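The structure under discussion appears below in the form of structure tokens.
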Amino acid sequence: MDSRFDLTIRNGRIVTDTEIIDGDVGIRDGCIAAIGPELPAGLRDIDAAKKWVLPGGIDSHCHVEQLSGMGMMCADDFYSATVSAAFGGTTTIIPFAAQHRGMKIPDVVKDYSERARTKAVIDYGFHLILANPDDDTMTRDLPEAIRGGISSLKIYMTYDRLKLEDIQFLDVLELAREHNALVMVHAENNDIIKWLAKRLIERGHTAPKFHAVAHDPLAEAEATNRAITFSRLVDTPILIVHVSGGDTVGLIRSARTLGAHILAESCPQYLFLTAGDLDRLGLEGAKFCCSPPPRDAQAQEAIWDGFSDGTLATYSSDHAPYRFDATGKLPKGDQTTFKDMANGVPGLELRMPLLFSEGFLAGRIDIHEFVRLTASNHADLYGLSPRKGRITVGADADIAVWNPARETRITYSDLHDQVGYTPYEGRVVKGWPEIVISRGRIVIEDQQLHVERGSGQYLQRGAPRLSWPEKKAPLHGQGSFIKSAMAAAKGD
Ligand code: URP
Ligand code: ZN
Ligand code: ZN
């Protein structure tokens with residue numbers, strides 16, 4: 001038997017959880033077999049001198065081949081989405097198998113699995129979107145899906161077609177508590193948004209920029225506060241997705257200080273775009289229209305602070321790919337109002353290059369924070385550790401070799417999604433993942449894709465691995481009430 005490594009990455013700056021090692025990574029049978037100085041030659045060697053050797057990214061919030069809350073189909077399927085992700089240094093994605101009203105989870109998961117299996121080029125797991133919490137779903141299908149490796153689900157507090165009532169939200173938290181699942185929450189107050197939108201439209205304020213007015217930061221703050229309250233009441237962790245600014249970061253920070261189990265995520269659009277981008281000529285602003293919307297420079301600072309002090313645990317793309325045509329952003333042509341257009345911006349490919357350039361190289365975060373925010377925290381929270389998210393012996397060899405000196409002027413024609421534009425057109429970023437490796441396979445090299453359609457693997461995920469800062473003040477104790485009430489109800 002040949003005991004040589006299949007691949008050796010040489011002379012790189014390797015970032016592990018705790019240290020930076022100048023040396024080599026030896027890869028055998030798809031896994032990291034050794035890390036250290038002067039490892040023996042592999043069947044193939046890659047020279048990584050002057051390069052950063054980082055874990056492949058995990059994007060735990062992206063919409064792929066999915067029907068949206070407004071009933072629109074994404075522009076990216078599992079092939080274009082995973083190719084695009086890989087070109088940007090991401091080696092695992094977790095998109096959403098979306099249950100809509102009237103649908104059963106087993107059908108949703110079967111359909112989504114079939115779509116992914118023949119197309120994905122990198123590994124993937126699924127979250128669920130839960131919009132039909134009927135008896136079968138709550139007593140049988142959801143627990144079964146969690147046990148089967150879909151250990152997280154997203155619920156919505158807005159969008160008429162998806163939103164849960166508060167009482168359903170509480171039921172979901174109780175179920176998640178019992179079955180050890182992580183509940184992701186889209187926190188915006190539906191009625192505030194509808195109330196503002198109606199008044200804006202009545203007054204003829206229909207342009208994309210009014211999307212940001214209708215989705216007022218207070219709508220996000222109110223819903224976030226309610227979600228935190230529910231989480232504390234039932235004593236169940238939640239993760240607030242796509243946090244857009246200071247009000248929400250502050251609420252989450254305070255709740256965590258109390259010892260509440262609140263996690264949170266933010267995304268490139270809240271660091272690198274503002275509501276001003278929605279105010280472009282004609283309907284161009286629709287290209288920047290997502291929910292919650294990008295805010296302002298102060299909100300961007302609040303997001304950076306949230307990443308720095310650990311209030312925000314993950315940095316995901318919320319890739320929600322809709323074309324600038326009748327299939328997405330312009331369903332009513334030039335008569336489209338901000339209420340009609342698909343919500344969401346693309347970001348799978350540029351998520352990591354933007355943060356590497358503007359976060360790490362610009363000195364706002366260090367390289368360990370970059371790794372945590374783009375990979376290892378996702379692996380822990382979504383039950384992929386120790387297999388994914390870290391450069392460590394025994395883990396899958398999911399690695400990106402970053403050239404920190406390479407400058408790229410972003411232009412859509414160089415990207416690999418199906419959206420037709422990028423909100424980051426014309427920006428210059430420094431640093432790029434030149435070689436991307438998934439389970440030891442070179443996926444991207446010399447700006448070419450080197451793996452087959454359908455060669456990505458489905459990841460059955462384990463329970464979330466959650467850790468909390470020490471409690472600074474006693475929580476109000478409702479959690480123990482719920483525990484004893486539930487025990488009494490079960491006759492324990
Ligand atoms: O505008 C957004 N974020 N669209 C995608 C769907 C969602 O709510 O995450
Ligand atoms: Zn959302
Ligand atoms: Zn989303």
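The values are calculated or read from the model by the stated rules, or taken from the named source; none is laboratory data. Please read all numbers here as calculations on a predicted model, not as lab measurements. Every residue, glycine as well, gets a Cβ built from its backbone with ideal geometry; the counts of neighbours run over all protein chains shown. Side chains included, ligands, DNA and RNA excluded: accessible areas come from the protein's heavy atoms. Shrake-Rupley method; radii C 1.70, N 1.55, O 1.52, S 1.80 Å.
Of the residues examined, Asp160 is one that is more than 12 Å from ligand 1 (Cβ to nearest atom), closer than 18 Å to Asn343 by Cβ and either open to solvent by less than 10 Å² (accessible area, probe 1.4 Å) or assigned by TED's automatic domain parsing to the domain that holds Ile105 (or both). Checked against (1) over 23 Å from the mean Cα position of the chain (by Cα); (2) of a type in the set (Lys, Arg); (3) over 29 Å from Ala81 (Cα atoms), Arg280 passes all but condition (3). Among the residues making up the range 385-401, a single one is open to solvent by 10 Å² or more (accessible area, probe 1.4 Å) and of a type in the set (A, V, I, L, M, F, W, C): Val393.
The residues on offer are Leu43, Leu39, Leu67, Leu7, and the sole one that is open to solvent by 10 Å² or more (accessible area, probe 1.4 Å) and either in contact with a Leu (Cβ under 9 Å, 6 or more places away or on another chain) or among the hydroxyl-bearing types (Ser, Thr, Tyr) (or both) is Leu43. Annotation note: of Asp45, Asp59, Asp76, the sole residue that is in a strand (DSSP E or B), within 17 Å of the chain's Cα centre (by Cα) and among the charged types (D, E, K, R) is Asp59. Within this structure, Ser151 fails the test of being more than 16 Å from ligand 2 (Cβ to nearest atom), assigned by TED's automatic domain parsing to the domain that holds Leu218, open to solvent by 10 Å² or more (accessible area, probe 1.4 Å) and over 30 Å from Lys430 (Cβ atoms).
One residue stands out among those in the range 300-317 that are open to solvent by less than 30 Å² (accessible area, probe 1.4 Å) and touching an Asp or Glu at 6+ places or on another chain (Cβ under 8 Å): the one that is farthest from Arg372 (Cα to Cα), which is Ser317. Ser291 meets all of the listed conditions (1) out of contact with any Cys (no Cβ under 8 Å at 6 or more places or on another chain); (2) away from ligand 1 (no atom under 12 Å from the Cβ) but one, namely (2). Can you tell which of Ala260, Ala286, Ala275 is touching a residue at least 40 places away in the same chain (Cβ under 8 Å), more than 16 Å from ligand 3 (Cβ to nearest atom) and either outside the structural domain of Ala219 (by TED's automatic domain parsing) or farther than 22 Å from Thr422 by Cβ (or both)? None of the other options fit; the residue is Ala260. The set of residues in the range 163-208 that are assigned to a loop (DSSP other than H, G, I, E, B) and either open to solvent by 60 Å² or more (accessible area, probe 1.4 Å) or of a type in the set (Val, Ile, Thr) (or both) comprises Glu165, Asn180, Arg203, His205, Thr206. For the range 26-65, the tally of residues that are touching a residue at least 40 places away in the same chain (Cβ under 8 Å) and either away from ligand 3 (no atom under 16 Å from the Cβ) or touching a helix residue (DSSP H, G or I) at 6+ places or on another chain (Cβ under 8 Å) (or both) stands at 26.
Yes/no matrix, rows are residues, columns are (1) free of Cβ contacts under 8 Å to residues at least 60 places away in the same chain; (2) within 11 Å of ligand 1 (Cβ to nearest atom); (3) assigned to a helix (DSSP H, G or I):
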{"position": "Leu281", "(1), (2), (3)": "yes, no, no"}
{"position": "Asp305", "(1), (2), (3)": "yes, no, yes"}
{"position": "Gly310", "(1), (2), (3)": "no, no, no"}
{"position": "Arg323", "(1), (2), (3)": "no, no, no"}
